[in-house]
1. Would you pull out the residues with amide H under 5 Å of residue B:31's amide H, same chain only if 5 or more places away, H placed 1.01 Å from N?
2. Could you work out the local net charge near residue A:2, counting Lys and Arg as +1, Asp and Glu as -1, over the other residues with Cβ closer than 14 Å to its Cβ?
3. Would you mind giving the mean number of other chain beta-carbons within 10 Å of the Cβ of each residue in A:88-101, as a whole number?
4. Near the amide H of residue A:23, under 5 Å away, which other amide H atoms are found, from residues 5 or more places off or on another chain, if H is placed in the peptide plane?
5. Exposure proxy check: A:77, A:28 ranked by fewest other beta carbons within 10 Å?
6. Quick one: putting +1 on the C-beta of Lys and Arg, -1 on the C-beta of Asp and Glu, what dipole do you get for the range B:1-79 around its Cα centre, in Debye to the nearest 20?
7. If you add up the charges near residue A:67, with Lys and Arg at +1 and Asp and Glu at -1, over every other residue whose beta carbon is less than 14 angstrom from its beta carbon, what do you get?
8. Please give the average number of partner chain Cβ atoms lying within 10 Å of the Cβ of each residue in B:29-41, rounded to a whole number.
Amino acid sequence: QKEVEQNSGPLSVPEGAIASLNCTYSDRVSQSFFWYRQYSGKSPELIMSIYSNGDKEDGRFTAQLNKASQYVSLLIRDSQPSDSATYLCAVFAAGIMRFGAGTRLTVKP
Amino acid sequence: EPEVTQTPSHQVTQMGQEVILRCVPISNHLYFYWYRQILGQKVEFLVSFYNNEISEKSEIFDDQFSVERPDGSNFTLKIRSTKLEDSAMYFCASRGLDRSGELFFGEGSRLTVL
């Protein structure tokens, strides 16, 4: 069974802090890795994509990938209340994207 | 910016009725997907479609479900005889030929089965 696992949370951080979200995956042939943000009742919104080992930064967001450990993470710096949402880790392999259950993040003012 | 569009945004139906959810993928995309998300649960893969045929389907996608690309633009998901447990958000997604795997999602169709 090809699984994508996330800390279910909820995760609560104060405004301005760093939020750290983690994800592991089981399918070693996974090619591409994504973080989506989802608000209640809405469709997933792409935040970051990462394809090779290491870090990728985009504004306040940094994605980290370690294929040997089958681990992906997302750091959100200077967290804002508007970052409060559910964050979905997604892994693309063999033509299919599979999602984790999501981590609910709350950023408190 | 091109987008994936889905209709209806919300459909309420009686158990046992047939439902068709419609999607218009991004025009130059060739891979199409349906996902389902039951309230409070994860986004689950249902089916992928390429070159006018199903390329992969999950165990959720049983004989009650079917997909079709009836013309050059629409991609539909049909549920033949709806059950209460089919109540969910259904997301259509498409992607192009690049190998990145990035999917572009529609806004979703909320199905409520009574």
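Read the figures in this text as sums done on the coordinates, not as results from a lab. Note that the coordinates shown come from a computational prediction; the quantities given were computed from them, not determined experimentally. Here the Cβ positions follow ideal geometry from the backbone for every residue, glycine too, while neighbour counts run over all protein chains shown.
1. Distant-sequence amide H within range of residue B:31: B:95.
2. -3
3. Average neighbour count from other chains, rounded to a whole number: 5.
4. Amide H neighbours of residue A:23, under 5 Å, 5+ apart: A:72.
5. A:28, A:77
6. So the dipole magnitude of the range B:1-79 works out to roughly 160 debye.
7. The answer is 0.
8. Averaged over the peptide's residues, the number is 2.
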